[in-house]
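The values are calculated or read from the model by the stated rules, or taken from the named source; none is laboratory data. From a predicted model like this one, the values you see are computed outputs, not experimental measurements. A quick note on method: Cβ atoms are made from the backbone with ideal geometry, for glycine too, and the neighbour counts reach across all protein chains shown.
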Amino acid sequence: MTTAVLQERTHYLNNGYGLKSWLLTKDHKRIAVLYFITISIFFALGGVFASLIRLELVTPAGDLVSSETYNKLFTMHGVIMVFFFLIPSVPATMGNFFLPMMIGARDLAFPKINLLSWYLLIAGGGFAIFAMMAGGVDTGWTFYTPYSTTYSNTYVIATALGIFIAGFSSILTGLNFIVTVHRMRAPGMTWFKMPLFVWANYATGVIQVLGTPVIAVTLVLVFCERVFHIGIFDPALGGDPVLFQHLFWFYSHPAVYIMVLPAMGVISELVSTFSRKPIFGYPFVAFSSVAIAVIGFLVWGHHLFVSGQSLYAGLVFSFLSYFVAIPSAIKVFNWTATLYKGSISYATPMLYAFGFIGLFTIGGLTGLFVAALGIDVHVTDTYFVIAHFHYVMVGGTVMAYLGGVHYWWPKMTGRMYPEGWAKLSALFIFVGFNLTFFPQFILGYLGMPRRYHAYPPEFQVLHVASTAGATVLAVGYILPAIYLAWSLRYGPVAGSNPWGATGLEWATPSPPPTHNFDRIPVVTHEAYDYTAVPQEVEVV
Amino acid sequence: MSSEAHAHAEETLALREQFDTAEQQKDASTLGMWIFLITEIMFFGGMFAAYTIYRSAYPTVFAVASSSLNVTIGAINTCVLLLSSFTMVMAVRAGQMGKRNMIIIFLILTLIFGCIFLGVKAYEWNEKYVEHHMPGQAAFHLEGTPLQGPAKIFFSLYFAMTGLHALHMVVGVGILLTLIVQTRAKKFSAEYFTPIDISGLYWHFVDVIWIFLFPLLYLIDRHLPK
Ligand SMILES: [Cu+2]
């Protein structure tokens, strides 16, 4: 009976079948699905590399793989996870799908460019995977010179080219979002009526557009240095390898916000929906996204405290790094204040939101530890840093990503996921994550350096705990892959607004029709106004 | 948006389905191009940053290396490029007035000037190759300074920056060719010439980059005491 209901109506999924209708689609929702499939594969691949790393570290001796192979494993784990999963994660999937719907538009401003950006990610990923199959790359995901330009005998060129191309995918997504938010809002949808998810993706777009070209040109220079033997970073000529680090981190610090700002946008939606209250201090949360985007460009030097940067530069960068924590803290406090006296429901997406708030807070606070010059000198290049940024990237972004996937799954597919299994896997992920990465804070503080495949026996207990945690975490990640696929066929039919949420995306049937709205809505209510929840749309 | 205006817009031009009005579509395209150009500024910005740092580290070597470049040829090429910008403006103007023949004439003129620039640039690069001023050459040598390393850095920047600029010119030439074909196919009218308009923005941007590159690369030694 349920399948019949879904098939009677034309929606974006059954509007055209066959490979061609997908590979040439200009529908932002289908492109989002293409991205979703693509980055899920990359996530699995990066996860395989991570598993091998954790397996190697079960014993103190470097016995599972050679040190050369180990170098390649952590490099490829970093490259795949950062550039091919985390950077596109929330914006390219949920941003692509819901940003136009949330502002009442029929599509993004440039649908062809949107499709192009997916093909660029595929092309970039192709180069990266070619490099891995041909023999891998061992420079670390940071490509520090002169090792990457002169000494490494691995596939640096193909990998750099892959990241370069994928970078343009990211730029075009950001450009599309910015223009769409400026020019495509429905009548009455003023800036301060937009959901905070839109604000977050807009601010992310600014970083993508301003930051990504800098790493692109940096990789071009590395490429030219390897291929044409020009010398920009070559110390033998009087060049400065630290210049590379400056250019690299000028992008790669703001890139952290490309990964985490859209995740924060997801959390704003979840916290509001599942406590049935408007986000406390909406304008502050909105502007804090913009503030993070701006200040985030001024802190890159905290990655160079021990690279021979001047002490005064170190002081300024340290101060600014503390400064950029303020807008992040504003968000956390406002989410917490939103919960106060809310009618909270503990559906799976909300569990992920709670997970995000707790883990991101730990990641953010330990970020302050490493932004302090004295402590950073002690913990530079140790597992403390690894644990810190995994709390932000995995505890933050991946948690929000999964929360968002569960939250919008009924809208994207028309079906509910199985709540019991989802809660169980959320629990696995939370427990597994902490068991994996909390011991790494201690390991790092005790002096375990990153990027070593052998270590003194004293560290073994903590490493085994971490690997055990990674196993639990892996189960937590595999479960959703199974039950979400199952729900596509057997999940209960969701209806248009199963959560009683307020965004315009819920004012469409599930799954939405190709052009989203039969009639462009006129917006009269504030964001998160629960007196005006979109009614169940007649699905016939 | 009234359906009447919608229907009217659809008659005169390809109004894509995500937009309500022709004006909205044009605004979106123009904003998109401006944001793309900001991206380009950051792209070149990385190289300008490297240039700034090395020039302040090795001022005299950079001056000596700069004086080995041919200022006359560089100046002529600058004029050629400025002329091409002028003809591009005229093409956009012709687009506003809907005069297809004039659009084609001015686009072809722009194309010719662009190709002259690229030809002269290729001649200059070859000259550098012959003089052993290419950083990859084993026989690299620059007269007048004992510091061959920083001299190589200057020429690395010279080739990287002018090369990247030339690459943008080549893309521009491709865009001009496409526009010429589209104009011949009567795609544009006084109501709809957005592609010509935003391609003009791109072309001028590439010119402006050269306006910075020319003094930074060719004229460094002018203000040093002889
Ligand atoms: Cu940073």
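So A:PRO213 passes all but one of these: (1) more than 22 Å from B:ARG55 (Cα to Cα); (2) more than 16 Å from the ligand (Cβ to nearest atom); (3) surrounded by fewer than 23 Cβ atoms within 10 Å (Cβ to Cβ). Which condition number does it fail?
(3)
Do you know which residues across the stretch A:54-78 are within 17 Å of A:VAL398 (Cβ to Cβ) and of a type outside the set (Gly, Ala, Ser)? Outline the logic, then answer.
First pass over the stretch A:54-78, keeping only residues within 17 Å of A:VAL398 (Cβ to Cβ): A:54, A:77-78.
Within the stretch A:54-78, A:ARG54, A:HIS77 qualify.
Does A:SER117 satisfy being farther than 30 Å from A:LYS20 by Cα, assigned to a helix (DSSP H, G or I) and of a type in the set (Gly, Ala, Ser)?
On the way: farther than 30 Å from A:LYS20 by Cα: no; assigned to a helix (DSSP H, G or I): yes; of a type in the set (Gly, Ala, Ser): yes.
Considered against the rule, which asks whether it is farther than 30 Å from A:LYS20 by Cα, assigned to a helix (DSSP H, G or I) and of a type in the set (Gly, Ala, Ser), A:SER117 comes out as no.
Before we move on, is A:GLY162 assigned to a helix (DSSP H, G or I), within 22 Å of A:MET81 (Cα to Cα), more than 10 Å from chain B (Cβ to nearest Cβ) and at pLDDT 95 or above? Please lay out each step first, then the result.
On the way: assigned to a helix (DSSP H, G or I): yes; within 22 Å of A:MET81 (Cα to Cα): yes; more than 10 Å from chain B (Cβ to nearest Cβ): yes; at pLDDT 95 or above: yes.
It is true that A:GLY162 is assigned to a helix (DSSP H, G or I), within 22 Å of A:MET81 (Cα to Cα), more than 10 Å from chain B (Cβ to nearest Cβ) and at pLDDT 95 or above.
Just wondering, is there one or more residues in the stretch A:527-540 that are modelled with pLDDT of 90 or more and over 22 Å from A:THR348 (Cα atoms)?
Start the filter on the stretch A:527-540 by keeping residues that are modelled with pLDDT of 90 or more, which leaves A:527-530.
Keeping just the survivors that are over 22 Å from A:THR348 (Cα atoms) gives A:527, A:529.
The answer is yes; a qualifying residue exists.
All but one of (1) out of contact with any Ser or Thr (no Cβ under 6 Å at 6 or more places or on another chain); (2) surrounded by fewer than 24 Cβ atoms within 10 Å (Cβ to Cβ); (3) in contact (Cβ under 8 Å) with a residue 12 or more places away in the chain hold for A:ARG54, so report the exception by its number.
So A:ARG54 meets the others, but not (1).
Read through the list (1) crowded, with 20+ Cβ neighbours inside 10 Å; (2) out of contact with any helix residue (DSSP H, G or I) (no Cβ under 9 Å at 6 or more places or on another chain), then give the number of the only condition that A:THR397 fails.
(2)
Each row is one residue, and each column tells you yes or no for (1) crowded, with 20+ Cβ neighbours inside 10 Å; (2) more than 16 Å from the ligand (Cβ to nearest atom); (3) free of Cβ contacts under 8 Å to residues at least 24 places away in the same chain; (4) on the phi < 0 side of the Ramachandran plot.
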residue: A:ILE344; (1), (2), (3), (4): no, yes, no, yes
residue: A:GLY374; (1), (2), (3), (4): no, yes, yes, yes
residue: A:ASP381; (1), (2), (3), (4): no, no, no, no
residue: A:HIS406; (1), (2), (3), (4): yes, yes, no, yes
residue: A:TYR417; (1), (2), (3), (4): yes, yes, no, yes
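What about B:ALA22, is it modelled with pLDDT under 85 and more than 10 Å from chain A (Cβ to nearest Cβ)?
Numbers: modelled with pLDDT under 85: no; more than 10 Å from chain A (Cβ to nearest Cβ): yes.
Here the answer is no, as B:ALA22 does not meet what is asked.
Name the one entry in A:ILE357, A:ILE292, A:ILE279, A:ILE330 that is modelled with pLDDT of 95 or more, under 24 Å from the mean Cα position of the chain (by Cα) and within 14 Å of the ligand (Cβ to nearest atom).
Details: A:ILE357 fails: within 14 Å of the ligand (Cβ to nearest atom); A:ILE279 fails: within 14 Å of the ligand (Cβ to nearest atom); A:ILE330 fails: within 14 Å of the ligand (Cβ to nearest atom).
After ruling out the rest, the residue left standing is A:ILE292.
Go through A:THR145, A:THR173, A:THR212, A:THR204 for me and flag whichever is on the phi < 0 side of the Ramachandran plot, facing another protein chain (nearest Cβ under 8 Å) and in contact (Cβ under 8 Å) with a residue 24 or more places away in the chain. First the steps, then the outcome.
Working: A:THR145 fails: facing another protein chain (nearest Cβ under 8 Å); A:THR173 fails: facing another protein chain (nearest Cβ under 8 Å); A:THR204 fails: facing another protein chain (nearest Cβ under 8 Å).
One residue alone meets the criteria, A:THR212.
Given the residues A:SER268, A:SER289, A:SER272, A:SER252, which is the only one that is part of a helix (DSSP H, G or I), within 14 Å of chain B (Cβ to nearest Cβ) and among the hydroxyl-bearing types (Ser, Thr, Tyr)? Can you show your working first?
On the way: A:SER268 fails: within 14 Å of chain B (Cβ to nearest Cβ); A:SER289 fails: within 14 Å of chain B (Cβ to nearest Cβ); A:SER272 fails: within 14 Å of chain B (Cβ to nearest Cβ).
Going through A:SER268, A:SER289, A:SER272, A:SER252 in turn, the sole match is A:SER252.
If A:LEU298 passes every condition in (1) more than 13 Å from the ligand (Cβ to nearest atom); (2) farther than 30 Å from A:ALA422 by Cβ but one, which one does it miss?
(1)
Looking only at the stretch A:87-104, which residues are within 25 Å of A:THR524 (Cβ to Cβ), of a type in the set (A, V, I, L, M) and not in a helix (DSSP H, G or I)?
The answer is A:ILE103, and nothing else.
Going through the stretch A:120-154 one residue at a time, which ones are over 24 Å from A:ASP381 (Cβ atoms) and over 22 Å from the mean Cα position of the chain (by Cα)? Reasoning before the result, please.
Residues of the stretch A:120-154 over 24 Å from A:ASP381 (Cβ atoms): A:120-135.
Once the filter is applied, which keeps residues that are over 24 Å from A:ASP381 (Cβ atoms) and over 22 Å from the mean Cα position of the chain (by Cα), the stretch A:120-154 yields A:PHE130, A:ALA131, A:MET132, A:MET133, A:ALA134, A:GLY135.
(1) surrounded by 15 or more Cβ atoms within 10 Å (Cβ to Cβ); (2) modelled with pLDDT under 95; (3) over 30 Å from A:VAL242 (Cα atoms): which one isn't true of A:LEU351, the others all being true?
(2)
Taking the residues in the stretch A:241-264 that are under 16 Å from A:VAL220 (Cα atoms) and among the hydrophobic types (A, V, I, L, M, F, W, C) as candidates, determine which candidate is nearest to the ligand (Cβ to nearest atom).
Top of the filtered list is A:TRP249.
Given the conditions (1) part of a helix (DSSP H, G or I); (2) within 14 Å of chain A (Cβ to nearest Cβ); (3) at pLDDT below 95, and given that B:GLN96 satisfies all but one, which numbered condition is not satisfied?
For B:GLN96, the exception is condition (2).
Do the conditions hold for B:GLY46, that is, is it more than 26 Å from A:LYS26 (Cα to Cα), within 8 Å of another protein chain (Cβ to nearest Cβ) and of a type outside the set (Phe, Trp, Tyr)?
When the stated conditions are applied, B:GLY46 passes them.
Here are A:SER307, A:SER321: which of them is over 24 Å from the mean Cα position of the chain (by Cα), within 16 Å of the ligand (Cβ to nearest atom) and closer than 24 Å to A:TRP141 by Cβ? Break it down into steps so the answer makes sense when it comes.
Numbers: A:SER321 fails: over 24 Å from the mean Cα position of the chain (by Cα).
Going through A:SER307, A:SER321 in turn, just one is over 24 Å from the mean Cα position of the chain (by Cα), within 16 Å of the ligand (Cβ to nearest atom) and closer than 24 Å to A:TRP141 by Cβ: A:SER307.
Please specify each residue of the stretch B:125-153 satisfying the condition of being assigned to a helix (DSSP H, G or I) and at the interface with another protein chain (Cβ under 10 Å from one of its Cβ atoms).
Scanning the stretch B:125-153 gives B:GLN148, B:GLY149, B:PRO150, B:ALA151, B:LYS152, B:ILE153.
Taking the stated definitions as given, is B:ILE73 among the aliphatic types (A, V, I, L, M), within 24 Å of the chain's Cα centre (by Cα) and within 11 Å of chain A (Cβ to nearest Cβ)? Spell out the reasoning first.
Values: among the aliphatic types (A, V, I, L, M): yes; within 24 Å of the chain's Cα centre (by Cα): yes; within 11 Å of chain A (Cβ to nearest Cβ): no.
Taking the combined requirement at face value, the residue does not satisfy it.
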